[in-house]
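A.B. asks: This structure is in structure tokens; I'll ask about it shortly.
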Amino acid sequence: MSEIKDLTINMLEHNEAIWELYLANRADQQTFDFYKDMKPFVDAVKETSDQWLALVIPWVNTARPTYLGQAQLEQVAENIQMIAVSAFNGKSFYKHFNDHYQSVEYTLKRVLEKAL
């Protein structure tokens, strides 16, 4: 249970870093080196989300917390990986990006509440 909590906190930190990167690029579009900047960042998010998903899905299927399901958790992993890539493009549609960011944050916070 502690590992789920730790990885969920790590996912929340990734989500916040993605949001800050997006806002910085929205204000002033920066140029990035794909292999030095973008790929390591996105790979780290993907690795964390894959580890998180591998732990949290069995927990959700056995503990059956209210308002959390496997499909919802899979969507969180997909959304955080998508916005990690989109964060490098400051021209991404704000509302779409913000909706995904908030959705990820909301679900991760519900996982933290239920996992305690």
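A.B. asks: Identify, from the list 56, 45, 60, 76, the residue that is among the hydrophobic types (A, V, I, L, M, F, W, C), touching a His at 6+ places or on another chain (Cβ under 8 Å) and surrounded by 18 or more Cβ atoms within 10 Å (Cβ to Cβ). Before the answer, list the steps.
C.D. replies: On the way: 56 fails: touching a His at 6+ places or on another chain (Cβ under 8 Å); 60 fails: touching a His at 6+ places or on another chain (Cβ under 8 Å); 76 fails: touching a His at 6+ places or on another chain (Cβ under 8 Å).
Exactly one of 56, 45, 60, 76 is among the hydrophobic types (A, V, I, L, M, F, W, C), touching a His at 6+ places or on another chain (Cβ under 8 Å) and surrounded by 18 or more Cβ atoms within 10 Å (Cβ to Cβ), namely 45.
A.B. asks: Taking only region 36-83 into account, find how many residues are more than 13 Å from the chain's Cα centre (by Cα) and over 17 Å from residue 97 (Cβ atoms). I'd like the intermediate steps shown before the answer.
C.D. replies: Filtering region 36-83 for residues more than 13 Å from the chain's Cα centre (by Cα) gives 36-40, 54-71.
Within this subset, residues satisfying the condition of being over 17 Å from residue 97 (Cβ atoms) are 36-37, 39-40, 54-71.
Total meeting the criteria: 22.
A.B. asks: Looking only at region 90-111, count every residue that is surrounded by 15 or more Cβ atoms within 10 Å (Cβ to Cβ) and in contact (Cβ under 8 Å) with a residue 40 or more places away in the chain and tell me the total.
C.D. replies: Looking only at that region, the number is 9.
A.B. asks: Does residue 22 meet the test of being within 15 Å of residue 107 (Cα to Cα) and of a type in the set (Phe, Trp, Tyr)?
C.D. replies: No.
A.B. asks: Quick one: would you say residue 5 is under 26 Å from residue 62 (Cβ atoms) and not hydroxyl-bearing (Ser, Thr, Tyr)?
C.D. replies: Yes: the conditions hold for residue 5.
Computed from the coordinates by the stated procedures, all read-outs in this text should not be read as laboratory data. If you're wondering where the values come from, they're calculated on a predicted model, not measured in any experiment. Cβ atoms come from the backbone with ideal geometry, glycine included; neighbour counts cover every protein chain shown.
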